[in-house]
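Take a look at the structure below.
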Amino acid sequence: MDCCASIARALLIFFNFIFWICGGAILGVGIWFLVDKDISSRIEIVQIDSGDDYFKFAAYLFIAFGAFVFIVGFAGMCGAIRASKCLLGFYIFFVLLVIFAEIGAAVLLILYRMEVEDNIVKLLQENIKKRYSEETVRTGWDLAQLEFECCGAVNSMDYDNITYSFPGSQTVPNTCCKLSNREAALDDPSKATPSDSAKCYNRVDTDINTKGCKDSLKDWALKHSTIIIGVGIGIAVLEIFSIVWACCFCRNIGKDD
């Protein structure tokens, strides 16, 4: 093999090593989405229907896709090291499949970002109205309201006329109130203790969080989607370079024979 083929081989091994690591990273992101308490609680907040498992499906998709990229990257390295046209041919084919899959995923993610930006208030208010009676949803709202020191989607009025009934004279979650034990409540929202529950339940401004959670939750969702888009773009660039070097290397395999 000539000098150009040797350089192509070295670069192919290098890019596929990075590609292999990226596959592991995508796999890790998918697992992170499933096990991280903060993410799962935020997801519960923006789902209107309790049967809506799109986010879980997306996490499982990340795991499967990451495992696939991990295996393809390994195959590419083996193909380059062994100078196997067969392995490199399969590698090029599967990398092209990965690129098309990434384009589809990017379109869906961009559409999701647009939906979040345009409909965040409606999504959050409908979630409170229809699903606040579910424990996982209440926990999600409690964690968000504690972290961002907010109440409801727009304000505390979002808790009026919902399907859930608060006990006694309570009109809002305790996590909407100014708390005497905020740090302890962050670890266990059920321990949230209002500084003055009577004033909070009567929505006196000095004892209740007056701002809504919509802006904070919107920023959180867009921040995480930006990270995923950035990782995807980086991997796509690596894939394009890998295909170029794989083709260059394949053309030179066996020329000396």
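The values are calculated or read from the model by the stated rules, or taken from the named source; none is laboratory data. For clarity, every value in this text was computed on a predicted model and none was experimentally measured. Neighbour counts run over all protein chains shown; Cβ positions are idealised from the backbone, glycine included. To get the accessible areas, we keep the full protein, side chains included, count just its heavy atoms, and leave off ligands, DNA and RNA. Shrake-Rupley method; radii C 1.70, N 1.55, O 1.52, S 1.80 Å.
So here's what we get for this one:
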read-out: Test result for A83, over 28 Å from the mean Cα position of the chain (by Cα), modelled with pLDDT under 80 and among the aliphatic types (A, V, I, L, M); value: yes
read-out: Meets criteria (at pLDDT 90 or above, at negative phi and of a type outside the set (D, E)) for F94; value: no
read-out: Filter result for the condition that a residue is under 30 Å from N119 (Cβ atoms) and in contact with a strand residue (DSSP E or B) (Cβ under 9 Å, 6 or more places away or on another chain), over S156, S180; value: S156
read-out: Single residue of the range 213-232 satisfying the filter (of a type outside the set (K, R), assigned to a helix (DSSP H, G or I) and modelled with pLDDT of 80 or more) that is most open to solvent (accessible area, probe 1.4 Å); value: D215
read-out: Residue count, the range 179-209 (criterion: under 20 Å from S169 (Cβ atoms), touching a helix residue (DSSP H, G or I) at 6+ places or on another chain (Cβ under 9 Å) and not in a helix (DSSP H, G or I)); value: 10
read-out: Close pairs from the range 152-169: first closer than 18 Å to L123 by Cβ and in contact (Cβ under 8 Å) with a residue 60 or more places away in the chain, partner open to solvent by less than 60 Å² (accessible area, probe 1.4 Å) and of a type in the set (A, V, I, L, M), Cβ under 6 Å, at least 6 apart; value: A153/V121; A153/L124
read-out: Among (1) in a loop (DSSP other than H, G, I, E, B); (2) open to solvent by less than 30 Å² (accessible area, probe 1.4 Å); (3) hydroxyl-bearing (S, T, Y) - the single one T171 does not satisfy; value: (2)
read-out: For I235: the one exception among (1) at pLDDT below 90; (2) open to solvent by 50 Å² or more (accessible area, probe 1.4 Å); value: (2)
read-out: Among the candidates Y159, Y91, residue that is of a type outside the set (A, V, I, L, M, F, W, C), within 26 Å of L217 (Cβ to Cβ) and either out of contact with any Cys (no Cβ under 9 Å at 6 or more places or on another chain) or surrounded by 14 or more Cβ atoms within 10 Å (Cβ to Cβ) (or both); value: Y159
read-out: Every pair of residues 6+ apart whose Cβ atoms lie under 6 Å, when the first sits in the range 71-82 and is in contact (Cβ under 8 Å) with a residue 24 or more places away in the chain while the second is small (G, A, S) and surrounded by 16 or more Cβ atoms within 10 Å (Cβ to Cβ); value: G73/G23
read-out: Within the range 238-250, tally of residues that are of a type in the set (A, V, I, L, M) and open to solvent by less than 20 Å² (accessible area, probe 1.4 Å); value: 1
read-out: Qualifying residue in the range 105-124 (condition: of a type in the set (G, A, S), free of Cβ contacts under 8 Å to residues at least 60 places away in the same chain and farther than 30 Å from S6 by Cβ); value: no
read-out: Subset tally (residues that are at pLDDT 90 or above and open to solvent by less than 30 Å² (accessible area, probe 1.4 Å)) for the range 186-212; value: 7
